[in-house]
Amino acid sequence: MSRHPEVRWAQRIDKVYITVQLPDAKDAKVNLEPDGVFSFFATAGTDGNSYESKLDLNDKVNVEASKVSVGVRSIFCILEKADAKWWNKLVRDDQKAPHFVKVDWDKWVDEDDDGADVNVDGMDFSNMGGMGGMPGMEGLGGMGGMGGMPGMEGLGGMGGMGGLAGMMGGMGGMGGMGMPPGMEGLGGMGMDDFEDESDDEGEVSKPQDAGKSDAAEISEEVEGKAGTAAQSN
């Protein structure tokens, strides 16, 4: 059977302070609903006894702005009121406060002497508005998979780019063919840029064919001169 931990409370015009007195609480769970339902559950003690409480607060609250800090000796909650006004008591006006609910005189101020907010320096708070998973950014697990690019592992959300380095290397075209110094900028020129363009320029005679035609012309010239000399004689 669950036990009820002692609950202490105080308020300011815009917020309520609730302290659950439960040393060495384990698996503490605090739930807050916009209509003012506050519930708590935890285990404590060597026997792992269960402790819980549920309160219908005096008025509505702002769940997103409320926060909780789980300490060694207690669980401290700061609940933001939906409307900035003083409450007559912690629970609804038509209910009687449970016996385990007490006024926290260390934090209490009178309505006509609204003091400063409670000092919370050194406390670690978590929002009650569904911010679980923010520490360590576990909720952004989809940002994984930029392997292969040293120093950029944290940008994993751009999955599928692991082979980017290799892909960029493959775009070198003539890269890897040993470009002469000073001509590295031609790396992006693929081999397609050096295709034979002879189709656009017609036939080109072979060097040996050109040599044969020159010899024939010389022979014809010699024969012509010889014929002219014979006629003159």
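The values are calculated or read from the model by the stated rules, or taken from the named source; none is laboratory data. Since this is a predicted model, take the numbers as computed values, not measurements. All Cβ positions, glycine included, derive from the backbone under ideal geometry; neighbour counts span all protein chains shown. We work out accessible area using only protein heavy atoms, side chains counted, and drop any ligands, DNA or RNA first. Shrake-Rupley method; radii C 1.70, N 1.55, O 1.52, S 1.80 Å.
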Can you confirm whether the stretch 62-72 contains a residue that is without any contact (Cβ under 8 Å) to a residue 12 or more places away in the chain and open to solvent by 30 Å² or more (accessible area, probe 1.4 Å)? no
Phe40 meets each of (1) buried (at least 21 other Cβ atoms within 10 Å of the Cβ); (2) in contact (Cβ under 8 Å) with a residue 40 or more places away in the chain with one exception, condition (2)
In the stretch 86-122, which residue that is loosely packed, with under 14 Cβ neighbours inside 10 Å and of a type in the set (A, V, I, L, M) is modelled with the highest pLDDT? Val120
Quick check on Val72: is it closer than 16 Å to Ala28 by Cβ and at pLDDT below 95? yes
Sole exception among (1) open to solvent by 30 Å² or more (accessible area, probe 1.4 Å); (2) within 15 Å of His4 (Cα to Cα) for Glu33, by number: (2)
Okay, strands (runs of 3 or more DSSP E) sitting entirely in the stretch 1-106 with 1 or more residues that are among the basic types (Lys, Arg) and closer than 21 Å to Met128 by Cβ, I get 6-11, 15-21, 26-32, 49-56, 61-70, 74-81
